[in-house]
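Single-structure report; data block below.
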Amino acid sequence: KPMENRITDIGPQKYDKFYPPVIAKNKGKWLYHEIIKPGVLVHVAESGDECYTVRVGGARLMTVTHIREICEIADKHCDGHLRFTTRNNIEFMVDSKDKVEPLIQDLESRKFEGGSYKFPVGGTGAGVTNIIHTQGWIHCHTPATDASGPVKATMDVLFDDFKDHRLPAQLRVSLACCLNMCGAVHCSDIAILGYHRKPPLLDHEYLDKMCEIPLAIAACPTAAIKPAKVKFGEAELKSVAVNNDRCMFCGNCYTMCPSMPLADQEGDGIVIMVGGKVSNRISTPKFSKVVVAFIPNEPPRWESTTACIKKIVEAYSAGANKYERVGDWAERIGWERFFDKTELEFTHHLIDDFRDPAYYTWRQSTQFKF
Ligand code: SF4
Ligand code: SF4
């Protein structure tokens, strides 16, 4: 049988196949767009056509039942079209204004048992949008904190700002559950970062059987691992030794070698960083800086983490000028005053003291870590 034109499930299909007709018709010919109210945008084309978008909060992990309900809403209101944003928001698009209110009413009438929104409308403009995050305890091997748990707890605390535009500018919150940062927390207004504080354990009995020792050694960015022979009962086993003083608890070795685990209930927790952004509006893009060196993991609701984030958001909301991002505000008032305003404690852990002579970076200033 000829194989041409066979539809497979290998890779995504070409994106333009899924354009709503109004988008396909006006591609490259849009005049402007604006946010009509929190969660609702309009794009106006040269032809006079309009595309209204209603944005609702989603989750990074969704059940099939939930996705089916999203599709059912898209079928009912949007001729089957919808899109997901990079922050896991869901966007429903319609081609006329009179279709917007029925769509919003339908979305907001759908509630979970207990009354919370299934499809909250918001996440645009000078407010909080969905938290982008990584895999967490269930889906990755090196996390120092969970992802979905702290994200859910944080979004519950910030939920009013998802549906509102009261903040001076957009506020992006991200979470990465280890400092390998597949969640890009290094450039977020507020970043939640999982952090290990102990070097890997060495499971000598199994290490040589489970791991390629040269790979584990090569995986270490600070050259803290070297080959070693260790006594195990009567036997002498091939294994590794770790120079704990050089270890920065990154977990790369564990990625290569399951016999070098470093998850630890006491050692693991959360670092809060602030002031990063990728936009070059007002000021150049910035990295986030560490403002809280450690908060223990507190499942299921991460009370200390969420209280800390709420304090930062409230101080920013009260003190920043319109359009200033968190980092712009902190730089204008000075980082010392940032700590006063947010009532966060300034400690020596927040000063960049990385002083490995191999890198010739002896500390010469009191720059914050980033
Ligand atoms: Fe895994 Fe680290 Fe990414 Fe979390 S941030 S999913 S632990 S690589
Ligand atoms: Fe090296 Fe990172 Fe492993 Fe420490 S945790 S030994 S720095 S690879």
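The values are calculated or read from the model by the stated rules, or taken from the named source; none is laboratory data. Small disclaimer: the values here were computed from a predicted structure and weren't measured. Don't worry about glycine lacking a Cβ; one is built from the backbone with ideal geometry, like all the others, and counts go over all protein chains shown. All accessible areas refer to the heavy atoms of the entire protein, side chains included, with ligands and DNA or RNA removed. Shrake-Rupley method; radii C 1.70, N 1.55, O 1.52, S 1.80 Å.
Annotations for the structure displayed:
- The distance separating the Cα centre of segment 247-287 from that of segment 163-234 comes to 7 Å.
- Among the trypsin sites (Lys or Arg not before Pro) within segment 272-314, those in coil by DSSP and having at most 16 neighbouring Cβ atoms inside 10 Å are ARG281, ARG301.
- Two-site label geometry, LYS27 and ASP264: point separation in nm, points 7 Å out along Cα→Cβ: 5.5
- For segment 298-352, the square roots a ≥ b ≥ c of the C-alpha gyration tensor eigenvalues yield an a/c of 1.5 or more together with a/b not exceeding b/c, which makes the shape oblate.
- The chain: radius of gyration over Cα atoms, expressed as a fraction of 2.2 N^0.38 Å: 1.17
- To put it simply, the accessible area of segment 74-178 at a 1.4 Å probe is 49 percent carbon and sulfur.
- For the chain, the mean residue ellipticity at 222 nm estimated from helices alone is -7500 deg cm²/dmol, where every DSSP H run of n ≥ 4 contributes -39500 (n - 2.57) and the total is divided by all residues, rounded to the nearest 500.
- Length gained when the stretch SER304-MET248 is fully extended (0.36 nm per residue, less Cα-Cα span): 17.7 nm
- Relative packing of peptides 336-343, 121-128 - highest average C-beta neighbours within 10 Å first: 121-128, 336-343
- For segment 168-257, a crude dipole built from +1 on the beta carbon of Lys and Arg and -1 on the beta carbon of Asp and Glu, taken about the Cα centre, is about 180 debye to the nearest 20.
- Full extension of the chain segment joining GLU343 with GLU108 gains 81.0 nm, where the gain is 0.36 nm per residue of separation less the Cα-Cα distance.
- Nearest 10 degrees, 0 to 90: helix 64-77 Cα axis against the chain principal axis: 20
- The C-alpha atoms of segment 133-270 occupy a region whose extents along the principal axes are 68, 24, 22 Å, arranged from largest to smallest.
- Relative contact order %, the chain, counting alpha carbon pairs below 8 Å whose residues are six or more apart: 12
- Note that segment 79-231 presents 45 Å² accessible area per residue, ligands and nucleic acids not counted, probe 1.4 Å.
- Across q = 0.14, 0.15, 0.21 Å⁻¹, segment 60-153 modelled as identical point scatterers on its alpha-carbon atoms has Debye log10 I(q)/I(0) values of -0.62, -0.71, -1.21, in the order of the q list.
- One equal scatterer on each Cα of segment 236-300, no solvent, Debye formula: the resulting log10 I(q)/I(0) at q = 0.24 Å⁻¹ is -1.10.
- Set of lysines near LYS25 by C-alpha distance (under 29 Å), chain-local residues within fewer than 8 positions excluded: LYS14, LYS17, LYS37, LYS76, LYS97, LYS99
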